[in-house]
Amino acid sequence: MARWRVIDTEANDGAYNMAVDQVLAQGVAKSSVLRFYDWDPPAVSCGYGQRSEREVDSSVCSALGIDIVRRPTGGRAVLHWEELTYSVVCDPRDLNAGGGEGVEGAHRTIAECLAVGLRLFGAAVEVERARRPIERSQGPRATSPCFSSTARWELKCQGRKLVGSAQRRFRDGLLQHGSILLGPAHERLPELMRIGDDRREQWTAMLKESSIDLGECITRRVSRDELVACLIMGFEERLGLETRRDELHADEVGRTTEFAGGQSPVASQEVGA
């Protein structure tokens with residue numbers, strides 16, 4: 001039976017959070033990891049294929065105390081505020097029992113693990129199975145926000161997107177991380193982007209219509225510790241594995257500090273928003 005490390009690094013700034021994911025991905029041959037973390041201060045993350053200076057208004061973010069960071073995965077802009085973030089680092093073969101070794105298969109299997117955990121927590125979630133049409137670039141304008149639509153194998157509740165995820169393949173494994181919305185603060189993303197007032201209103205309406213936070217999905221207060229425990233049980237149950245609570249090792253902390261200064265992405269495959 002496989003035994004995964006479970007690491008909860010709690011709240012850190014965006015550069016540190018992304019660096020930890022990259023460092024853990026480099027060490028995937030040693031062990032598979034399920035990680036949870038928060039963002040302090042809040043941050044806008046852009047996919048590695050985006051140009052943040054073109055899409056995000058750094059002066060507005062600075063005035064509000066919001067970081068701007070580049071993710072090691074692809075996808076669109078996300079405002080990390082009032083959320084729990086998860087990440088999975090593993091050899092794709094570790095997901096084989098769930099039928100998830102391929103890119104989409106892994107995305108689906110991880111979504112099913114999250115769904116089991118969220119249902120244990122009391123949220124009536126479902127996995128999106130329809131394919132979303134590929135969006136084409138519209139010139140220099142910013143792309144639409146991640147939570148304005150639900151991609152295949154992402155999670156929704158009451159027909160609206162609750163969890164957004166992105167995946168990246170490394171030489172020896174995969175990294176998938178994603179946002180589980182705990183509150184409505186992500187709806188403020190449009191005010192941080194380089195878009196006109198008319199488009200800002202459109203984006204805000206799209207986010208309100210297309211996304212939902214966990215506080216709207218259950219009838220009690222959201223307990224972070226309880227949620228993390230349920231998500232861990234979801235992975236254990238869905239994949240038939242054991243977990244052990246752990247912390248970052250000294251060498252991982254050291255490499256994270258180096259990575260936090262900036263790391264150029266390498267070629268990868270990804271699925272996500």
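For Val56, enumerate residues with amide H under 5 Å from its amide H, sequence gap 5+ or separate chain, H modeled in the peptide plane. Answer set, sorted by chain and number: Arg194. Two tests apply to each whole DSSP H helix in the chain, Cα reach of 24 Å or more along its axis and mean Kyte-Doolittle hydropathy of at least 0.0, and the ones passing both are 103-121. Along the chain, counting only GluC sites (Glu not before Pro) with a DSSP assignment other than H, G, I, E or B and at most 12 other Cβ atoms inside a 10 Å radius, the longest segment between sites is 1-134. The alpha-carbon atoms of the range 41-111, seen along their principal axes, cover 48, 24, 15 angstrom, with the largest extent given first. Estimated from helical segments only, the mean residue ellipticity of the chain at 222 nm is -9500 deg cm²/dmol, where each DSSP H run of four or more residues counts as -39500 (n - 2.57). Each label was represented as a point 7 Å from its Cα along the Cα-to-Cβ direction; for Asp40 and Glu104 these points are 4.1 nm apart. For a straight C-alpha distance cut-off of 14 angstrom, the aspartates and glutamates reachable from Lys156 (same-chain residues fewer than eight places away being disregarded) are Glu112, Glu126, Glu128, Glu209, Asp213, Glu216.
At an R0 of 25 angstrom, the distance between the Cβ atoms of Val60 and Arg245 translates into a FRET efficiency of 0.05.
When the chain is treated as a Gaussian network with alpha carbon springs shorter than 10 Å, the biggest mean-square fluctuation among Leu227, Leu214, Leu84 belongs to Leu227.
Values in this text are rule-based calculations from the coordinates and carry no lab data. This is a predicted model, so every value here is computed, not measured. Counting neighbours? That spans all protein chains shown, and the Cβs are built from the backbone with ideal geometry, glycine included.
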